[in-house]
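What follows is one structure encoded as structure tokens, with my remarks underneath.
The values are calculated or read from the model by the stated rules, or taken from the named source; none is laboratory data. Keep in mind it's a predicted model, so treat the numbers as computed, not measured. Here the Cβ is made from the backbone with ideal geometry for all residues, glycine too, and neighbour counts use every protein chain on show.
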Amino acid sequence: MVDNGKNEKLSELLKKLKQSAGMESAAVVTRDGLLVASELSESIDGETLAAMTATMTGAAETAMSELKKKEMDRIIVESSDSKLVSMGAGKKAILVCMVSEKAKLGFILLEMEKASKQIEGVVGK
């Protein structure tokens with residue numbers, strides 16, 4: 001899906017996103033669950049994260065469609081110590097980020113929306 005030049009652009013974009021928003025981890029995955037680029041902490045298995053994110057996103061999109069609602073904007077999964085946030089980055093990719101429970105969610109979502117548009121520009125619509 002992504003050549004080396006595009007992969008480098010995505011990796012750099014994820015590094016900047018992670019630094020600016022104070023995220024623990026960030027990744028770009030395909031809608032069929034393949035890891036494209038990542039800035040993950042060592043404790044996270046990127047391949048597993050990619051597969052789970054694609055499955056969650058697909059299920060949420062199907063649910064919204066079946067309920068005759070507009071397209072899903074994002075998925076937020078919260079635990080006692082962190083949040084997992086995923087959102088579409090065009091028709092081909094998903095941006096997924098892990099943030100601490102103390103993170104300012106509004107700022108995180110704003111930065112992710114900006115990044116998702118940039119990712120869409122790199123991987124294509």
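Criterion first (within 18 Å of residue 117 (Cα to Cα), out of contact with any strand residue (DSSP E or B) (no Cβ under 6 Å at 6 or more places or on another chain) and not hydrophobic (A, V, I, L, M, F, W, C)) does residue 61 satisfy it?
So residue 61 fails the test.
Could you please find all residues in the range 35-53 being in a strand (DSSP E or B) and either under 17 Å from residue 83 (Cβ atoms) or in contact (Cβ under 8 Å) with a residue 60 or more places away in the chain (or both)?
Those that are in a strand (DSSP E or B) and either under 17 Å from residue 83 (Cβ atoms) or in contact (Cβ under 8 Å) with a residue 60 or more places away in the chain (or both): 36, 39.
Can you name the residue in the range 64-92 that is touching a Gly at 6+ places or on another chain (Cβ under 9 Å) and surrounded by 13 or more Cβ atoms within 10 Å (Cβ to Cβ) and is also farthest from residue 40 (Cα to Cα) among such residues?
72
Please state which of the following conditions residue 96 fails to meet, knowing it meets all the rest: (1) more than 24 Å from residue 4 (Cα to Cα); (2) assigned to a strand (DSSP E or B); (3) not polar (S, T, N, Q).
(1)
Looking only at the range 99-125, which residues are acidic (Asp, Glu) and either in contact (Cβ under 8 Å) with a residue 60 or more places away in the chain or in a strand (DSSP E or B) (or both)?
111
Which numbered condition in (1) without any contact (Cβ under 8 Å) to a residue 12 or more places away in the chain; (2) among the small types (Gly, Ala, Ser); (3) within 18 Å of residue 124 (Cα to Cα) is the only one that residue 11 fails?
In the conditions (1) without any contact (Cβ under 8 Å) to a residue 12 or more places away in the chain; (2) among the small types (Gly, Ala, Ser); (3) within 18 Å of residue 124 (Cα to Cα), residue 11 misses (1) alone.
Residue check: is residue 11 at pLDDT 90 or above, surrounded by fewer than 17 Cβ atoms within 10 Å (Cβ to Cβ) and among the hydroxyl-bearing types (Ser, Thr, Tyr)?
Taking the combined requirement at face value, the residue satisfies it.
Residue-by-condition table, conditions (1) among the hydrophobic types (A, V, I, L, M, F, W, C); (2) surrounded by 15 or more Cβ atoms within 10 Å (Cβ to Cβ); (3) in contact with a strand residue (DSSP E or B) (Cβ under 8 Å, 6 or more places away or on another chain); (4) within 18 Å of residue 113 (Cβ to Cβ):
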{"site": "3", "(1), (2), (3), (4)": "no, no, no, no"}
{"site": "6", "(1), (2), (3), (4)": "no, yes, no, no"}
{"site": "17", "(1), (2), (3), (4)": "yes, yes, yes, yes"}
{"site": "20", "(1), (2), (3), (4)": "no, no, no, yes"}
{"site": "26", "(1), (2), (3), (4)": "yes, yes, yes, yes"}
{"site": "33", "(1), (2), (3), (4)": "no, yes, no, no"}
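Please go through the range 1-34 and give me each residue that is assigned to a loop (DSSP other than H, G, I, E, B) and of a type in the set (A, V, I, L, M), ordered by number.
Across the range 1-34, the qualifying residues are 1, 2, 23, 34.
For the range 93-104, enumerate the residues that are farther than 21 Å from residue 45 by Cβ and surrounded by 15 or more Cβ atoms within 10 Å (Cβ to Cβ).
Result: 103, single match.
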